[in-house]
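What follows is a single structure, written as structure tokens, with notes after it.
The values are calculated or read from the model by the stated rules, or taken from the named source; none is laboratory data. Predicted, not measured: the structure shown is a model, and the values here were computed from it. A quick note on method: Cβ atoms are made from the backbone with ideal geometry, for glycine too, and the neighbour counts reach across all protein chains shown.
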Amino acid sequence: MAIKVQNLTKEFDGRKVLDNISFSVEQGEILSIVGFSGSGKSTILKLISGLLTPDAGVIDIGDGDVAMVFQYSALFDSLNVFDNISFALQERKEFRGKYTKEQLKEIVAKSLKTVGLEGIEDKFPYELSGGMQKRVSLARAIVTHPQFILYDEPTAGLDPVASTVIEDYILRLREETKATSIVVTHQMSTIKRCSDKLIMLYDGHIVFRGTPDELLKQDNPYTKQFVSASIEGPMKITASGF
Ligand SMILES: Nc1ncnc2c1ncn2[C@@H]1O[C@H](COP(=O)(O)OP(=O)(O)O)[C@@H](O)[C@H]1O
Ligand SMILES: [Mg+2]
């Protein structure tokens with residue numbers, strides 16, 4: 001299933017964080033969203049997942065199910081890995097009571113296997129590294145077989161090797177679930193390895209859209225500034241970005 005966003009506008013306190021934005025992500029495609037901090041990337045994910053409502057515009061995701069993988073792994077500290085993952089199935093009324101305890105065990109084991117973490121059901125989040133916590137949050141995201149997976153800075157704060165592992169799983173999940181995905185990221189490795197195409201946000205608008213190769217060509221002032229991480233350029237870092 002595709003994601004189609006048309007003329008999306010969202011204001012906070014009279015400021016248009018997103019101003020008439022349109023883009024689409026085709027079935028099975030991965031779109032990256034890049035832009036400075038405060039440019040509205042997380043807001044787009046929250047609008048698509050229904051956590052926020054748009055001021056104007058249309059978001060068409062059919063009747064697909066959306067899973068969010070948050071910037072911080074957002075696991076419950078007081079729950080073990082089994083409960084954290086099975087929570088995704090028990091909190092929702094369409095899944096509640098659908099599975100026996102034995103079936104839940106099987107489903108959780110399978111989802112952990114998908115992210116390379118077999119047998120850690122009894123561990124608590126504090127016993128896991130940051131990268132492992134992120135992988136548990138991936139396992140939790142896919143347990144409901146979502147048509148759409150939205151990742152908010154999935155590799156933020158991870159070392160390069162742990163980032164590579166997460167990037168591999170983003171690609172593997174796409175293969176296994178055929179989900180349509182959006183990845184918000186700052187990380188060049190994630191952009192290059194995981195995205196079919198990307199959009200860059202600035203001042204409420206999409207200032208670049210293209211493939212990772214086109215981004216790396218740096219043949220417009222925005223891509224040049226982004227790739228070189230320069231303070232100089234058309235994009236001004238404002239106080240609201242911090
Ligand atoms: N619920 C909210 N209420 C008020 N302002 C918000 C809210 N959510 C986000 N904002 C503001 O909208 C802008 C974009 O936020 P966000 O989408 O989180 O940016 P990004 O993810 O690109 O860093 C920021 O200036 C932020 O302060
Ligand atoms: Mg954000």
Identity of the residue in segment 32-50, small (Gly, Ala, Ser) and either touching a His at 6+ places or on another chain (Cβ under 6 Å) or part of a helix (DSSP H, G or I) (or both), that ends up farthest from ILE3 (Cα to Cα): SER42
Any pair with Cβ under 6 angstrom, 6 or more apart, that starts in segment 110-129 at a residue that is touching a residue at least 40 places away in the same chain (Cβ under 8 Å) and ends at one that is surrounded by fewer than 12 Cβ atoms within 10 Å (Cβ to Cβ): PRO125/ASP77
Residues (within 16 Å of ligand 1 (Cβ to nearest atom) and within 19 Å of ALA67 (Cβ to Cβ)) located in segment 1-22: VAL5
Flag if SER181 is within 30 Å of LEU112 (Cα to Cα) and touching a strand residue (DSSP E or B) at 6+ places or on another chain (Cβ under 6 Å): yes
Members of segment 48-61 found to be at pLDDT 95 or above, more than 12 Å from ligand 1 (Cβ to nearest atom) and not β-branched (Val, Ile, Thr), listed by number: PRO54, ASP55, ALA56, GLY57, ASP60
Residues (surrounded by fewer than 18 Cβ atoms within 10 Å (Cβ to Cβ) and either in a helix (DSSP H, G or I) or of a type in the set (Val, Ile, Thr) (or both)) located in segment 178-205: MET188, SER189, LYS192, ARG193
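Conditions (1) touching a helix residue (DSSP H, G or I) at 6+ places or on another chain (Cβ under 7 Å); (2) under 30 Å from ARG15 (Cα atoms), marked per residue:
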{"position": "PRO154", "(1), (2)": "yes, yes"}
{"position": "MET188", "(1), (2)": "no, yes"}
{"position": "LEU198", "(1), (2)": "yes, yes"}
{"position": "HIS205", "(1), (2)": "no, yes"}
{"position": "LEU216", "(1), (2)": "yes, no"}
{"position": "TYR222", "(1), (2)": "no, yes"}
{"position": "GLN225", "(1), (2)": "no, yes"}
{"position": "ILE237", "(1), (2)": "no, yes"}
2 or more residues under 16 Å from the mean Cα position of the chain (by Cα) and of a type in the set (S, T, N, Q): qualifying helices (runs of 4 or more DSSP H) within segment 53-166: 130-142
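On the given criteria, is VAL69 surrounded by 17 or more Cβ atoms within 10 Å (Cβ to Cβ), closer than 29 Å to ASP168 by Cβ and touching a helix residue (DSSP H, G or I) at 6+ places or on another chain (Cβ under 6 Å)? Step through it out loud before you land on a result.
Values: surrounded by 17 or more Cβ atoms within 10 Å (Cβ to Cβ): yes; closer than 29 Å to ASP168 by Cβ: yes; touching a helix residue (DSSP H, G or I) at 6+ places or on another chain (Cβ under 6 Å): yes.
Yes, satisfied.
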Cβ pairs under 9 Å, 6+ apart, first in segment 1-12 and within 8 Å of VAL58 (Cβ to Cβ) and in contact (Cβ under 8 Å) with a residue 24 or more places away in the chain, second assigned to a loop (DSSP other than H, G, I, E, B) and of a type in the set (D, E, K, R): LEU8/ASP55
Segment 143-157 residues that are without any contact (Cβ under 8 Å) to a residue 40 or more places away in the chain, paired with ones that are assigned to a loop (DSSP other than H, G, I, E, B) and within 16 Å of ligand 1 (Cβ to nearest atom) (beta carbon under 7 Å, 6 or more apart): THR155/THR185; THR155/GLN187
In segment 23-47, residue farthest from ligand 1 (Cβ to nearest atom) [restricted to those that are more than 22 Å from GLN187 (Cα to Cα) and touching a residue at least 60 places away in the same chain (Cβ under 8 Å)]: GLN27
Within segment 32-78, considering residues that are among the charged types (D, E, K, R) and more than 9 Å from ligand 2 (Cβ to nearest atom), the one farthest from GLU94 (Cα to Cα): ASP55
Condition broken by GLU175, with the remaining ones in (1) out of contact with any Gly (no Cβ under 8 Å at 6 or more places or on another chain); (2) assigned to a helix (DSSP H, G or I); (3) crowded, with 21+ Cβ neighbours inside 10 Å satisfied: (3)
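Is it the case that SER189 is within 23 Å of ALA229 (Cβ to Cβ), in contact (Cβ under 8 Å) with a residue 12 or more places away in the chain and small (Gly, Ala, Ser)?
For SER189, the condition - within 23 Å of ALA229 (Cβ to Cβ), in contact (Cβ under 8 Å) with a residue 12 or more places away in the chain and small (Gly, Ala, Ser) - is met.
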